[in-house]
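Some notes on the structure that comes next.
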Amino acid sequence: GGYEPGWFMLQHHMSPEQAGRAFLEVGARRLVPTHWGAFQLTDEALRDPVGRLRTWWKAEGPDDGRVLDVLAVGETLILD
C-alpha cells in the first residue's frame, strides 16, 4: 500500500503492478506482499493493493512454479 495518489507517492512506494514487474526482473521465487491492510495512510482502500496484485498475477505473473503468497495481516510465513 501507500501508492495513491501516484503523482505524490511515485517516488516513495511501488504500485502493486510495479512490485509485480520488479519481482519478475529480479528473478525471485516467491512474492510476499507486505505493508498492506494495516493502516489507512494514503488514498487507496486497505485491500486494494492485494486485489490489484492478484489481478496482475493472473494477467502477467509467471507460470513457472513461482509463488504469490498473500498472508493475512499478522500471519507468519516460515520459509524452507
Top-ranked residue of segment 35-80 - restricted to ones that are of a type in the set (V, I, T) and part of a helix (DSSP H, G or I), ranked as farthest from M14 (Cα to Cα): T55
Per-region count, segment 5-23, residues open to solvent by 60 Å² or more (accessible area, probe 1.4 Å) and over 9 Å from the mean Cα position of the chain (by Cα): 7
Filter result for P49 (touching a residue at least 24 places away in the same chain (Cβ under 8 Å) and loosely packed, with under 11 Cβ neighbours inside 10 Å): no
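The values are calculated or read from the model by the stated rules, or taken from the named source; none is laboratory data. None of these values were measured; they are calculated from a predicted model. Because the Cβ atoms are built from the backbone with ideal geometry, glycine has one as well, and the counts that use them run over all protein chains shown. With ligands, DNA and RNA removed, areas are computed over all heavy atoms of the protein, side chains included. Shrake-Rupley method; radii C 1.70, N 1.55, O 1.52, S 1.80 Å.
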